[in-house]
Amino acid sequence: MGIPESGFVLFLVFGIVLTIAGILAGAYILKPKDQPIRFDKWGFVVVIPIVIPIVAALLFQVLSYYHVI
């Protein structure tokens, strides 16, 4: 792994960390006062179709970048 690839990895990790931090901050801001944040099964029904294509697209790009597929 050379210099260009390490920059790409750092950019990707930084973007993922900022995305997760933004989601958590938004959930914290939008929650009702004095109520815990909780997720039930319907929360996962909404989250899974959003997360799976994002992960699949990123995985496809990484694998095609390294000529695995």
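Among the residues of the range 42-62, not a single one is on the phi < 0 side of the Ramachandran plot, surrounded by fewer than 10 Cβ atoms within 10 Å (Cβ to Cβ) and at pLDDT below 85. Across the range 4-19, what is the number of residues that are of a type in the set (A, V, I, L, M, F, W, C) and either loosely packed, with under 10 Cβ neighbours inside 10 Å or closer than 17 Å to Ala57 by Cα (or both)? Of the residues in the range 4-19, 6 are of a type in the set (A, V, I, L, M, F, W, C) and either loosely packed, with under 10 Cβ neighbours inside 10 Å or closer than 17 Å to Ala57 by Cα (or both). Number of residues in the range 1-41 that are among the charged types (D, E, K, R), on the phi < 0 side of the Ramachandran plot and not in a helix (DSSP H, G or I) equals 4.
The values are calculated or read from the model by the stated rules, or taken from the named source; none is laboratory data. Owing to the predicted nature of the structure, the values given are computational and were not obtained by experimental measurement. Methodologically, a virtual Cβ is constructed for each residue, glycine included, from the backbone with ideal geometry; neighbour enumeration extends over all protein chains shown.
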